[in-house]
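A.B. asks: Input: one structure, supplied below.
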Amino acid sequence: MMNNQNLTEQLELATQQFKANSPIDAQVKLGQMIEGLQKSGLASGKQTGEKAVDFKLTNALGRDVILYEELSKGPVVLVFYRGGWCPFCNMQLRAYQRILPEIQAIGAKLIAISPQKPDHSLSLQEKEKLEFQVVSDSNGLVTAKYNLLFDVPPGVRELMEGIPLDLAEYNNTSKWILPVPATFMIDESAIIRSSYVNPNFMQRQSPEEILRELKKL
């Protein structure tokens, strides 16, 4: 993908390629999963104005990352993503890496959370050359507190096993769980000032919008 493409364009192209190359059955099952999440509102995420839930999670180097400690130093952009196996997530994290200097210039930090086990986080961090914190929420406990956790439907599980991807093994847990992708801007008083939650994993908040929202804090 061309670096001069913005994230939205990259994601749109990847979506078109997915639709062109994937069996109709796979597209239907994934579409049903997205629609089910949108209609049920079961994983609709924390809303603007709510207090962020503190957490202590392990990063790729085995060190603890505590949200409220990070907030004591400045605002935090908190990103929930599916895992390093998801190409849409990798595009998102690469795009956010490119604006990291601007995020830091505002005095903020970026923390990315996924259910994948820490050694997968490290390989992702090395592969993508990410310079922000990537932390592991293997059992989805923090993800659940942010109202983003859902169980992978049986039809989608069959698709993933056919890739093959054993999500439970990848995340080092007994459960097939995923987060709805989300991005939150959290101010120093731990209030969520901006909330982007989208069950359609092929769409993400643009870097430009993140910077716009951060500048309002």
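The values are calculated or read from the model by the stated rules, or taken from the named source; none is laboratory data. Note that the structure is predicted; figures quoted are calculated from it, not measured. All Cβ positions, even for glycine, are placed from backbone atoms using ideal geometry, and neighbour counts span all protein chains on display.
A.B. asks: Given the criterion surrounded by fewer than 16 Cβ atoms within 10 Å (Cβ to Cβ), out of contact with any Leu (no Cβ under 6 Å at 6 or more places or on another chain) and under 19 Å from A60 (Cα atoms), identify the matching residue among L165, L124, L141.
C.D. replies: The conditions single out L141.
A.B. asks: Could you give me the residue pairs with C-beta distances under 6 Å whose first residue belongs to region 113-134 and is at pLDDT below 85, whose second residue is small (G, A, S) wherever it lies, and which are 6+ apart or on separate chains?
C.D. replies: P118/A60; P118/S136; H120/G84; S121/A60; S121/S136; L122/A60; L124/G84; Q125/A60
A.B. asks: Moving on to the next point. Can you name every residue in region 48-86 that is surrounded by fewer than 15 Cβ atoms within 10 Å (Cβ to Cβ) and under 17 Å from Q116 (Cβ atoms)?
C.D. replies: Result: L61, G62, R63.
Yes/no matrix, rows are residues, columns are (1) closer than 23 Å to I191 by Cα; (2) polar (S, T, N, Q); (3) outside any strand (DSSP E or B):
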position: G62; (1), (2), (3): no, no, yes
position: E69; (1), (2), (3): yes, no, yes
position: R82; (1), (2), (3): no, no, yes
position: A95; (1), (2), (3): no, no, yes
position: I111; (1), (2), (3): yes, no, no
position: E126; (1), (2), (3): no, no, yes
position: V135; (1), (2), (3): yes, no, no
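A.B. asks: Among the strands (runs of 3 or more DSSP E) contained in region 137-211, which hold 1 or more residues that are without any contact (Cβ under 8 Å) to a residue 60 or more places away in the chain and among the hydroxyl-bearing types (S, T, Y)?
C.D. replies: Hits in region 137-211: 192-197.
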